[in-house]
2 protein chains.
Amino acid sequence: MSSFHPIPEGFGEQFMEKTPSLDRVAILGLGLMGASLGMALRAKKLARSVVGYDVMPGVARRARARGAIDAVVTTPTEAVEGALLVVLAAPIMAMRDLLAAIAHHLDAHVVVTDLGSTKAQVVSWAEELLPHPDQFVGAHPMVGSERSGVEAAEASLYDGGVWCLTPTPRTRPESLKVVYDLTVYGLGASLVLVPPDQHDAAVAVVSHLPLLAATALTLAASNDPQWGIAQMLAAGGFRDTTRVASGDPRMARDICLTNSQPLLEALDAYLASLQRLRDAVAARDPDIGEQFAEAQRRRDAWLASRGGA
Amino acid sequence: MSSFHPIPEGFGEQFMEKTPSLDRVAILGLGLMGASLGMALRAKKLARSVVGYDVMPGVARRARARGAIDAVVTTPTEAVEGALLVVLAAPIMAMRDLLAAIAHHLDAHVVVTDLGSTKAQVVSWAEELLPHPDQFVGAHPMVGSERSGVEAAEASLYDGGVWCLTPTPRTRPESLKVVYDLTVYGLGASLVLVPPDQHDAAVAVVSHLPLLAATALTLAASNDPQWGIAQMLAAGGFRDTTRVASGDPRMARDICLTNSQPLLEALDAYLASLQRLRDAVAARDPDIGEQFAEAQRRRDAWLASRGGA
C-alpha cells in the first residue's frame with residue numbers, strides 16, 4: 001500500500017480484522033462497475049447480502065440474473081435500508097441526485113462510498129448533502145474495460161486492482177476502515193490515498209487524457225479521405241491506441257464535466273508535446289529519434305515500476 | 001483478398017500453384033520483422049534454405065541460434081548470391097545502401113521485396129538503383145509488436161496478417177506472383193494492393209499517427225508534476241493507449257523521415273480533432289457526449305468490419 005495522504009491518528013491500529021464481513025451492502029447503479037463489484041462481493045462472501053438498485057429496472061433484473069446481487073429494489077431509499085455500506089456506482093452526474101435521495105435515510109454509522117472516475121465533485125456533493133459527512137469515503141478503483149453495462153460485468157474485474165481513496169479531514173477513521181478492509185483484505189487491492197483534488201489532477205493525465213487522445217484519434221482517422229483503405233490496414237497499433245474510445249460515452253462526458261480544469265491542463269501539455277513532434281516531422285529532423293527514444297525509456301520504466309505487464 | 005490497384009493483365013490466371021517452394025531466400029536485416037519471417041519460412045517449409053545477413057554480426061548469430069535462418073553470411077552480396085527471393089528487412093533509412101550494394105549482384109529473375117513501414121521512398125530507391133526495376137515488389141506486412149529485435153521474433157508474428165503490396169506499372173507480374181504466392185498461400189495472408197503513395201497516406205493515419213499520439217502522450221504524462229502519483233494510478237487505459245511508444249525508436253524516426261507530408265496532414269487533422277474536444281471541455285458543454293458516442297460507434301464499426309477483436 002502506498003499512501004500520499006496523512007492517515008488519521010490511530011488509524012493503522014484498527015486494521016486487525018482480516019476477514020471483513022459486511023451484513024448488507026447496497027449498490028446503487030448496476031453497470032459494469034457496480035455489477036462487477038456485486039459479483040466479487042458475492043463470490044468472495046464479503047457480504048451477507050447485496051441489494052441492488054438501478055434507475056433502469058431491467059438492468060437490475062439482469063444484474064440479479066447474472067448473480068451480481070441477491071435482491072432487486074426499486075428505489076434508492078429502499079436499497080439503503082438496513083445497509084451497513086452503500087456504494088454509489090452510477091454515472092457521476094447522477095450521483096448528486098442519489099445522494100440527495102438517500103441522505104436522510106442513513107444512520108450515522110452507515111458508510112457511503114462511490115466508484116466514480118472523478119473525486120472532487122463527488123466528495124463535495126457528499127459533504128454538502130449527507131447529514132453525517134464523516135460517513136463518506138470517496139473511492140476510485142483503477143480498473144475498467146472499454147466494454148460497459150451489466151452484460152460486461154465480471155467478478156474478476158477488481159482482482160489485483162489499485163484503488164484510490166480520497167478521504168478528507170472530515171472523514172471518520174471508522175468509515176475509512178470499512179472501505180480499507182473491504183478493498184485491501186476483501187478484494188486484495190493496493191491502495192493509494194490522496195486528497196480529491198490531487199486524485200483528479202493525476203487521473204486527468206493518465207486516464208482522462210488518454211480517453212480524449214483515443215477519441216480524437218478515432219474521429220480524425222475515420223474522417224480521413226484515406227479511411228476506406230486505411231481501415232483495412234489498421235492493425236494492433238490502431239486497435240490498442242484507440243481502445244478506450246469504445247468506452248461508455250456517458251462516463252466520458254461526465255468526466256469532462258466534472259474534471260474540466262485538470263483535463264484542460266493535461267490537454268494543453270499534450271498539444272504542446274504533439275506540436276514538438278510535428279515541428280520535427282516538418283523539419284525532417286533526424287533528431288526526432290531522441291523523442292521516440294525518450295518516450296520508450298519512460299514507458300518501459302513505468303512498466304518496470306509496476307512489475308511488467 | 002481486397003485489391004485497390006489495377007492488377008496487371010493476366011495476373012490472376014497465374015495463381016494456380018498453391019504450394020510455393022522457394023529454393024533460397026535471403027533476408028537482409030534480422031530484427032523483429034526479418035527474424036520472424038525467417039522463422040515462419042522455416043517452420044512452414046516455404047524455402048529450402050534461408051540465408052541471413054545483419055549489419056551486426058552478433059544479431060545474425062543470434063538469429064541463427066533462434067532458428068530464424070539456416071546460414072549466416074557477412075555481406076549483403078554474399079546473402080543474395082543464388083537467392084531467388086531477397087527480402088529487405090532493415091530499417092528504412094538503411095535500405096538505400098542495401099539496394100545499392102546488391103543491385104549488380106542480382107540476376108534478372110530474382111525477386112526483391114521489403115518489409116518497410118513506408119513505401120514511396122523505398123520503391124523509388126529500388127526503381128532508381130536496381131538494374132531490373134521490374135523485379136521489385138514493395139511490401140508492408142501490417143503486423144508488429146512494441147517489442148523489437150531478434151529476441152522478440154516469433155514464427156507466429158505473420159499469422160493471419162494483412163500484407164500491403166505496392167506494385168507500380170513497372171513491376172513485372174512474375175515478380176508480384178512470387179510475393180503473392182509466398183504471402184497468400186505460404187503465410188495465409190490477406191492482401192491489399194495499393195500504389196505506394198496511397199499506402200503511405202493510409203498508414204500515416206492508422207499507424208504512424210497513433211505512434212506519434214502515443215509518444216506525445218507518454219512524454220506529456222511523464223513530464224507532468226503529478227506523475228509521481230499518476231504513474232501509480234495509471235492502469236490499462238494508459239498502458240494500451242501508449243503501447244506503441246515502446247516500439248523501436250529508429251523505426252519511428254525513419255517513418256517520420258520518409259513519410260513526412262502524409263504524416264503532417266494526419267497530425268493536423270488530429271490536432272483539429274483534439275482542439276474540438278478541448279473547446280467542449282473548456283465550455284463544459286454536455287454535448288461533448290456526442291463526440292464520444294460518435295467515436296464509439298465508428299471504432300465499434302471498424303472492429304465489426306474486421307470480425308471483432
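Just for region B:43-61: of the residues that are touching a helix residue (DSSP H, G or I) at 6+ places or on another chain (Cβ under 8 Å), within 22 Å of B:GLY188 (Cα to Cα) and not in a strand (DSSP E or B), which one is least open to solvent (accessible area, probe 1.4 Å)? Restricting to residues being touching a helix residue (DSSP H, G or I) at 6+ places or on another chain (Cβ under 8 Å), within 22 Å of B:GLY188 (Cα to Cα) and not in a strand (DSSP E or B), the top hit is B:LEU46. Residue count for region A:117-142, restricted to those that are part of a loop (DSSP other than H, G, I, E, B) and in contact with a Ser or Thr (Cβ under 8 Å, 6 or more places away or on another chain): 5.
Go through region A:90-109 and count every residue that is in a loop (DSSP other than H, G, I, E, B) and more than 24 Å from A:GLN261 (Cβ to Cβ). Steps first, answer last, please.
We begin by selecting, within region A:90-109, every residue in a loop (DSSP other than H, G, I, E, B); these are A:90-91, A:106-109.
Then drop every residue that is not more than 24 Å from A:GLN261 (Cβ to Cβ), which leaves A:106-109.
Result for region A:90-109: 4.
Scanning region B:283-309 for residues that are open to solvent by less than 70 Å² (accessible area, probe 1.4 Å) and of a type in the set (Asp, Glu) yields B:ASP285, B:GLU294, B:ASP300. Taking region A:222-258 as the region of interest, how many residues are at the interface with chain B (Cβ under 7 Å from one of its Cβ atoms), among the charged types (D, E, K, R), under 25 Å from B:GLU265 (Cα atoms) and surrounded by fewer than 21 Cβ atoms within 10 Å (Cβ to Cβ)? Total satisfying the criteria: 1. State yes or no: is A:GLN261 more than 8 Å from chain B (Cβ to nearest Cβ), open to solvent by 20 Å² or more (accessible area, probe 1.4 Å) and more than 19 Å from B:ASP240 (Cβ to Cβ)? For A:GLN261, the condition - more than 8 Å from chain B (Cβ to nearest Cβ), open to solvent by 20 Å² or more (accessible area, probe 1.4 Å) and more than 19 Å from B:ASP240 (Cβ to Cβ) - is met. Checked against the criteria, A:VAL112 does not count as out of contact with any Phe, Trp or Tyr (no Cβ under 9 Å at 6 or more places or on another chain) and either of a type in the set (Lys, Arg) or not in a helix (DSSP H, G or I) (or both).
Can you tell me how many residues within region A:147-191 are acidic (Asp, Glu) and either farther than 24 Å from A:ARG48 by Cβ or within 12 Å of chain B (Cβ to nearest Cβ) (or both)?
First, the residues of region A:147-191 that are acidic (Asp, Glu): A:151, A:154, A:159, A:174, A:181.
Among the residues that remain, those that are also either farther than 24 Å from A:ARG48 by Cβ or within 12 Å of chain B (Cβ to nearest Cβ) (or both) are: A:151.
Number of matching residues: 1.
Per-residue answers, yes or no, for (1) among the acidic types (Asp, Glu); (2) within 26 Å of B:LEU37 (Cβ to Cβ); (3) at pLDDT below 95; (4) in contact with an Asp or Glu (Cβ under 9 Å, 6 or more places away or on another chain):
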| site | (1), (2), (3), (4) |
| --- | --- |
| B:GLY160 | no, yes, yes, no |
| B:VAL184 | no, yes, yes, no |
| B:GLY188 | no, yes, yes, yes |
| B:VAL194 | no, yes, no, no |
| B:VAL205 | no, yes, no, yes |
| B:ALA216 | no, no, no, no |
| B:TRP227 | no, no, no, no |
| B:ASP240 | yes, no, no, yes |
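Quick one: which helices (runs of 4 or more DSSP H) sit completely within region B:170-223 and have at least 2 residues that are free of Cβ contacts under 8 Å to residues at least 24 places away in the same chain?
So the answer is B:209-223.
So, A:ALA280, is that one touching a Cys at 6+ places or on another chain (Cβ under 8 Å) and either open to solvent by 20 Å² or more (accessible area, probe 1.4 Å) or among the small types (Gly, Ala, Ser) (or both) or not? Yes; evaluated as a whole, the condition is true for this residue.
Of all the listed residues (B:ASP254, B:ASP285), the sole one being touching a residue at least 40 places away in the same chain (Cβ under 8 Å) and charged (D, E, K, R) is B:ASP254.
Name the one entry in B:GLN135, B:GLN121 that is on the phi < 0 side of the Ramachandran plot and within 12 Å of chain A (Cβ to nearest Cβ). Break it down into steps so the answer makes sense when it comes.
Working: B:GLN135 fails: within 12 Å of chain A (Cβ to nearest Cβ).
It is B:GLN121.
The values are calculated or read from the model by the stated rules, or taken from the named source; none is laboratory data. Computed from a prediction, not measured in an experiment: that's the story for all the values here. Quick reminder, even Gly has a Cβ in these numbers, built from the backbone with ideal geometry, and neighbours come from all protein chains shown. Areas reflect the complete protein model, heavy atoms only, side chains present, ligands, DNA and RNA absent. Shrake-Rupley method; radii C 1.70, N 1.55, O 1.52, S 1.80 Å.
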